[in-house]
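See below for the structure under consideration.
What follows draws every value from the coordinates through simple rules; no lab data is involved. As the structure is a prediction and not an experimental result, all values here were calculated from the model. Glycine also receives a Cβ, built like all others from the backbone with ideal geometry; neighbour counts cover every protein chain displayed.
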Amino acid sequence: MPDLSASLYKQDIGHLRIIAELWGLELESQELDSAREELCASLLDLEAVSETLEILSAEARSALDELTAAEGQLEWASFSRKYGDIREMGAGKRDRERPYLKPASTSEYLFYRGLIAKAFLESEKGSQEFAYIPDDLYEAVSEVSANQEMPPQTTDPLGRAATPLEKAFEIPAADHILDDATTYLAALRLGDDESRSRFLRDLPILLAAAGIIKNNVLLPDAVKKFLEAPRKEAMDMLYNAWFTSTEFDELRLIDGLLCEGEWKNQPQVTREFLVNLIEDVPQGKWWSIPAFVKGIKEKYPDYQRPAGDYDSWFIKREADGQFLRGFAYWDVVDGALVKYLIRMLHLLGKVSLAAPEEGKEPTAFFLLASLPDNKEEGRKIVVASNGRITIPRTFSRTVRYQLARFCEWDEPRNDEYFYRVTAKSLQRANEQGLKAEQLLAMLVKYTKETVPPAMVKALKRWDANGAEARVENLHLLRVSRPEVMEEMRKSKAGKYLGEALSPTAVIVKSGAIQKVLAELAELGLLTEVRN
């Protein structure tokens, strides 16, 4: 940082006299350079610094302490948003209006006392405008502050405890993400895009961050390790992968926001900062989400923004295409990110949530030491004679993943998954090199040999004969007389007609109904279509 002399280099002698007056000093020098040298010597006297710090306003002392704690400098955008700006004015206007007697902000209060300056300085992020304490004055302020009796520092968590309304409807944390991941992996293995599309778009990104999939392709060894891991260990795998990932970018996953352009953010750094704030919240208490977000906005508004930049990130609202630039949109961008991160912690079993009522946005969270243990591992698979299979949610994920490859899927409910063995599902499995006898062996093993005889027989017959019955949706063409049918057979429509069921009824080949109707019209036969 520039020292005091360099910081005052461009100031006129009138500005130097203002600083001296506010410090209770009197400049003897009439020439600018010597006056600056005289003032710097006086301002660096430890006794003068101590006396000046003691009479600062509470807000000014707080701002100076914040700068001191930040090693003497903070991005100007962040500092000025919290402590106000410094009005630009020439010497004439300054001497007429005397702003130093009624400063418009804490920043102006400190500026006219020479305690802070602002300038563009080099940083890791390039050249940025900073509020800073001149280097030699910073050393003096730090020494005096260290010797003064300071009130004890507290690290109170941001926000407040939740109100009864905010925590009225509890949404307990769970490890259901493991079960969703198992279903997703099975769908990916089967190439079932419809089933995959039902899941939140952050799930595949999380699985990729955990090294379980890559470019929507399963990594077999990693899948096996994940599915076979105990539930707590598997949850830890997902959490650690998420927490350390530089690719999982929560900001770009918030519903309703679109991020465009080449700008870059730092999701892992932001995530770690916010998680640390959340972990400061006391365990055993429901905590208000709105108050927590407000606390971050007040104390750490630029938690994800380098140099407090709210203009160069091109983020727009999906609903109307409105670009959300400037601090005015903090709540719908930066505030929304805090809420999204809390939701991720809920999915990963780290916090429970609560809302005013069912279906409402969560308004409270409860930090957990750990998830309760699952005690349902002993439950077994149930197979019905009609091919319906019921699997408890907490049953082996490896087994459910394998069984899903042989079956049609029904909607899960009440912590149970439902599958159906059909000719279509067995044919699909067969195309992947799986045989019905493998399914039968699994069912026998995991139902403790309680597979219904009808199901055993059906699977064995499938392996021997394939599908022995077929149900089809067909278009049937009926005519009034056999002569009409004969006329149609001889026309261009004849090639679209299939198996004859009677002299006046015939099956229309698949996909050809419109062509048949057109040919019939050419023959002067208007046809009635019944669904």
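When only Cα pairs below 8 angstrom with a gap of at least 6 residues are kept, the range 169-367 shows a relative contact order of 29 percent. Sort the range 382-465 into rounded, prolate or oblate with this rule: let a ≥ b ≥ c be the square roots of the eigenvalues of the Cα gyration tensor; rounded if a/c is under 1.5, and if a/c is not under 1.5, prolate when a/b is larger than b/c, oblate otherwise. Verdict is prolate for the range 382-465. Relative contact order of the chain, taken over Cα pairs closer than 8 Å and 6 or more residues apart, is 12 percent.
Within the range 1-109, the GluC sites (Glu not before Pro) that combine a DSSP coil assignment with at most 10 other C-beta atoms in a 10 angstrom radius are Glu26, Glu28, Glu31, Glu88. Calculated mean residue ellipticity, 222 nm, the chain: -12500 deg cm²/dmol, from DSSP H runs (n ≥ 4) at -39500 (n - 2.57) each, averaged per residue and rounded to 500. For the range 224-319, GluC sites (Glu not before Pro) meeting the loop criterion (DSSP other than H, G, I, E, B) and having at most 13 other Cβ atoms within 10 Å: Glu247, Glu262, Glu318.
Between the listed residues Met485, His475, Gly511, the Cα displaced farthest toward the positive end of the dipole of the range 475-522, a dipole computed from Cβ unit charges relative to the Cα centre, is found at Gly511. Pairs of Cα atoms nearer than 8 Å and 6+ residues apart set the relative contact order; for the range 202-277 it is 27 percent. Multiplying the residue separation of Glu449 and Arg201 by 0.36 nm and subtracting their alpha-carbon distance yields 85.3 nm. Taking a ≥ b ≥ c as the square roots of the eigenvalues of the Cα gyration tensor, the range 21-110 is classed as oblate, since a/c reaches at least 1.5 and a/b does not exceed b/c. Just so you know, the Cα atoms of the chain work out to an Rg and Dmax of 36.6, 127 Å. Placing unit charges on the Cβ atoms only, positive for Lys and Arg and negative for Asp and Glu, gives the chain a dipole magnitude near 4760 debye about its Cα centre.
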